[in-house]
Amino acid sequence: MAVLETQELTYVYSQGSPFEKTAVDSVSLKIDEGAIIGVMGHTGSGKSTLIQQFNGLLRPTSGKILLDGVDIWADRKKIRDVRFRVGLVFQYPEYQIFEETVYKDIAFGPKNMGLDSVEIKRRVLETAHDIGIPEELLERSPFELSGGQKRRVAIAGVMAMNPEILILDEPTAGLDPAGRDKIIGFIKEYHRKKGNTVLIVSHSMEDIAGFADKILVMNKSRLFCYDDTEKVFSRAEEISRIGLDIPQITKIFIELKKNGIDFGKDVYTLDYAEKLLIKKLGERSRENC
C-alpha cells in the first residue's frame, strides 16, 4: 500500500519572473509503506526540491502529494501535523543544532508535538541509544561533540518524533568512510526496529546499493526512473551517462562483460559479486576436471 503518492507534481522557482526555473516537472510516483528508497540525482536534478515538498516545506506549483491517500494541502491548518508525520533531516543537519544540551536538542521535536515529559524522556533515551549516543553525553552541550556525534544528535531529533516517513538528505555527506558506515548502520537498524518508511538522498549509489528496496533517480527536473534496485542497476551505463557515480564493483563487472566475461547478472554489492565469482570459479573447476 502506498503511504506517499505524488500526482503530476511540479515546482517552479520564481514563477513569472526572469529567473523562473522548473525544479520538479510532472513527477508521479508511489512509495510503499515500510520501504527503504534511495533518492538519487546529480546536483540540480531536482531531488532536494522534490523531498522538501513531501513534508510540506515547499508547496507544489501544481499537482498533488497524498499522504495515506489524503492531499497534504487540502487543509493548510494541518500542514504542521504533516511535518511531524514526514520527518526531514537536511544535509549537514549538525549546523541546525541550537539547544543548550544534547537532551534538549533531541527533545525539541517531541516537545513541539505536545507530548508529556515522561513520553519525551522515553523517546530521547531510546533514540539516543539506537543511534549510538551514550547517556552520559545527554547533559553536555552539543557544541562540545565531534562532527559525527553532532550529526547523530541532529538525526536523533527527527527520529524521536517517530515519523511515519523519515527522509534524510545526504546523511553521510562530508564524513570519512568509518563515519559513513556508522550512520548507514544506524539508519538500517532504525528501519529494522521501527519498520517505518525511509528515504535516503545520495549522490552515490555506493552508499545505498546494498539495502535500498527501490531507487528513484531524478535527472533535469524529471523522474528518470523509479524501480526495484536490481532493475535500476540493469541500467547502470545509462545512469552513469547522466552524471551519477555507480558502485566500483558494478564498473568492474561492466568491463568484464565488455571483455567477454558475462555473468548474466547486474552486480552492485560486494557480497553478491563474491557469490557470483565463487560460483563461476566452481564451474570452471568442474569443466577442467
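Could you name the aspartates and glutamates in cross-link range of Lys77, using Cα to Cα under 18 Å and dropping any fewer than eight places away on the same chain?
By straight Cα distance, Lys77 reaches Asp68.
If packing is taken as the average number of other Cβ atoms within 10 Å across a peptide's residues, how do 242-248, 273-279 rank, most packed first? Kindly include the intermediate steps, with their values, before the conclusion.
Values: 242-248: 16.7, 273-279: 13.1.
Going from most to least packed, we get 242-248, 273-279.
Antiparallel versus total DSSP beta bridges in the chain: what percent is that, nearest 5?
Numbers: 21 of 40 bridges.
That works out to approximately 50 percent antiparallel.
List the longest stretch of the chain that has no exposed loop site; here a site is one of the chymotrypsin sites (Phe, Trp or Tyr not before Pro) assigned by DSSP to anything other than H, G, I, E or B, with at most 10 other Cβ within 10 Å.
Maximal segment without exposed cleavage sites: 99-289.
Summing -39500 (n - 2.57) over the DSSP H runs of n ≥ 4 in the chain and dividing by its residue number, what mean residue ellipticity at 222 nm do you reach, to the nearest 500 deg cm²/dmol? Please list the in-between numbers first.
Values: 11 runs with 116 residues, N = 289.
The helix contribution divided over the chain gives -12000 deg cm²/dmol.
So what J values fall out for segment 139-150 if you push phi through Karplus, 6.51 cos²θ - 1.76 cosθ + 1.60 with θ = phi - 60°, rounded to Hz, Gly and Pro as x?
Once θ is set to phi - 60°, the couplings for segment 139-150 become 9, 8, 5, x, 6, 8, 8, 6, x, x, 5, 4 Hz.
Nearest 10 degrees is fine. How inclined is helix 248-258 to the longest principal axis of the chain, computing both from alpha carbons?
Around 30 degrees separate the two axes.
So what's the gap between the Cα centers of segment 170-187 and segment 51-122, to the nearest angstrom?
Spelled out, the Cα-based centre of one part sits 22 Å from the other.
Relative contact order of the chain: what whole-number percent is it, with Cα pairs under 8 angstrom and at least 6 residues apart?
Relative contact order for the chain comes out at 22 percent.
So what are segment 122-277's ellipsoid semi-axes, whole angstrom, largest first, if each one is the square root of 5 times an eigenvalue of the alpha-carbon gyration tensor?
34, 16, 14
Mind scanning Lys194/Lys280; Lys78/Lys121; Lys47/Lys150; Lys30/Lys220; Lys182/Lys214; Lys111/Lys182 and naming the pairs with a C-alpha gap bigger than 31 Å?
Details: Lys194/Lys280 39 Å; Lys78/Lys121 26 Å; Lys47/Lys150 25 Å; Lys30/Lys220 20 Å; Lys182/Lys214 22 Å; Lys111/Lys182 27 Å.
Too far apart for the 31 Å limit: Lys194/Lys280.
Taken together, the values in this text are just the output of simple stated rules run on the coordinates, not laboratory data. Just so you know, these numbers come straight off a predicted model, no measurement behind them. Here the Cβ is made from the backbone with ideal geometry for all residues, glycine too, and neighbour counts use every protein chain on show.
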